[in-house]
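Asker: First, the structure itself, so that you have it in front of you.
The values are calculated or read from the model by the stated rules, or taken from the named source; none is laboratory data. What you see is a predicted model; the values in this text were computed from it and never measured. With ideal geometry, Cβ positions are generated from the backbone for all residues, glycine too; neighbour counts draw on all protein chains shown.
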Amino acid sequence: MDYGLTGKVALVTGSGGGIGHAIARMLVQEGAKVVGADLDPSQLSALGGEDQILPFKVDLSESTGPAAAVDAAVDTFGRLDILVNNVAIAPARDSFLDVSDEDWRHVMDVNFMSMVRACRSAIPVMKSNGGGSIVSIASDEGRQPDVFFADYSVSKAAVLNLTKTLSIEFGPSKIRVNSVSPGPTRTPIWDRPGGFADYLVEFLEAKDRDDAIDKFVREVRRMPIQRIGLPEDVAHAVLFLASDVSRQVTGSDYWVNGGTMISI
């Protein structure tokens, strides 16, 4: 399918790896010009030439970080049509009681306030361009309780709520605002040393990471599809929402979760 993204300018936060990297890669493949904002954007330069991709090193948890990324898009490519709020951290917790005030602040700054600040900077630019599309990565954790991720889940619930609020206010300005809620998706957060996969190996008494993830999918989350998601699964939904193919879609949340939540 031709998404009609050739020449569009996109900012993708948290694009150094995982879901964000897959989104940036697919946007470039569709002809968009992409600013990839991340603490470590070193993997992004391989996606295309300087006229296609701008790796932008920035700490998006800092109050000025998201605005700097928006400014980089405008300064480099002259406009901003698409904002993808993807940056996030998801520390595994043994208990709610283990989460300190500083833990709460840091998770909310990275996962939620980065969205707030990026939207606050991007929306005036989009209005001056005649419209745009904002897609934020939420999570099925934003709708269901999970003792492993109390602070992460709360931050994603906030993403879901703000998405709908912005869609109402800025719809008349031809700015569509949607979210995508992945279920379990195998990203570097899972596979890095000490990541969630290692946590599951111990918790589920598994042989190795693959065995732990399989048990998690089948026995803990009981996913009907019985496979963990991949970053590309999420990226396909983001491309649809970023493009004018979805011109009648706003204020929506698309589930890419393998059936972990069923709703009628």
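Asker: What is the one condition in (1) in a helix (DSSP H, G or I); (2) out of contact with any Pro (no Cβ under 7 Å at 6 or more places or on another chain); (3) closer than 18 Å to V12 by Cβ that V154 does not satisfy?
Answerer: (3)
Asker: Of the conditions (1) outside any loop (DSSP other than H, G, I, E, B); (2) of a type in the set (S, T, N, Q); (3) surrounded by fewer than 21 Cβ atoms within 10 Å (Cβ to Cβ), N111 clears all except one; give me its number.
Answerer: Among (1) outside any loop (DSSP other than H, G, I, E, B); (2) of a type in the set (S, T, N, Q); (3) surrounded by fewer than 21 Cβ atoms within 10 Å (Cβ to Cβ), the lone unmet condition for N111 is (3).
Asker: Just one of (1) more than 14 Å from the chain's Cα centre (by Cα); (2) surrounded by fewer than 18 Cβ atoms within 10 Å (Cβ to Cβ); (3) assigned by TED's automatic domain parsing to the domain that holds L97; (4) not hydroxyl-bearing (S, T, Y) trips up L160, so point out which.
Answerer: It fails just one condition, (1).
Asker: Please go through the stretch 229-264 and pick out each residue that is in a strand (DSSP E or B) and either hydroxyl-bearing (S, T, Y) or out of contact with any strand residue (DSSP E or B) (no Cβ under 9 Å at 6 or more places or on another chain) (or both).
Answerer: If the condition is that a residue be in a strand (DSSP E or B) and either hydroxyl-bearing (S, T, Y) or out of contact with any strand residue (DSSP E or B) (no Cβ under 9 Å at 6 or more places or on another chain) (or both), then Y254 is the only one that fits.
One line per residue, one yes/no per condition, for (1) hydroxyl-bearing (S, T, Y); (2) in the same structural domain as E169 (by TED's automatic domain parsing); (3) closer than 15 Å to A242 by Cβ; (4) touching a Leu at 6+ places or on another chain (Cβ under 6 Å):
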site	(1), (2), (3), (4)
F77	no, yes, no, no
L83	no, yes, yes, yes
L97	no, yes, no, no
V107	no, yes, no, no
S114	yes, yes, no, yes
S121	yes, yes, no, no
N129	no, yes, yes, no
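Asker: Does D40 satisfy being out of contact with any Lys or Arg (no Cβ under 6 Å at 6 or more places or on another chain) and modelled with pLDDT of 95 or more?
Answerer: So D40 passes the test.
Asker: Does D211 fit the bill of being modelled with pLDDT of 95 or more and of a type in the set (D, E, K, R)? Break it down stepwise before answering.
Answerer: On the way: modelled with pLDDT of 95 or more: no; of a type in the set (D, E, K, R): yes.
In short, no.
Asker: Moving on to the next point. Being under 15 Å from the mean Cα position of the chain (by Cα) and of a type in the set (G, A, S) narrows it down to one residue among S155, S173, S243, S167; which is it?
Answerer: S155
Asker: Which of the residues spanning the stretch 71-88 are over 19 Å from the mean Cα position of the chain (by Cα), assigned to a loop (DSSP other than H, G, I, E, B) and surrounded by 14 or more Cβ atoms within 10 Å (Cβ to Cβ)?
Answerer: Hit for the stretch 71-88 is R79, nothing else.
Asker: When you go through G65, G17 one by one, which is the residue that is farther than 18 Å from N129 by Cα, at pLDDT 95 or above and in the same structural domain as M126 (by TED's automatic domain parsing)?
Answerer: Being farther than 18 Å from N129 by Cα, at pLDDT 95 or above and in the same structural domain as M126 (by TED's automatic domain parsing) holds for just one of G65, G17, which is G65.
Asker: So, in the stretch 101-131, exactly how many residues are over 15 Å from the mean Cα position of the chain (by Cα), among the small types (G, A, S) and at negative phi?
Answerer: 3
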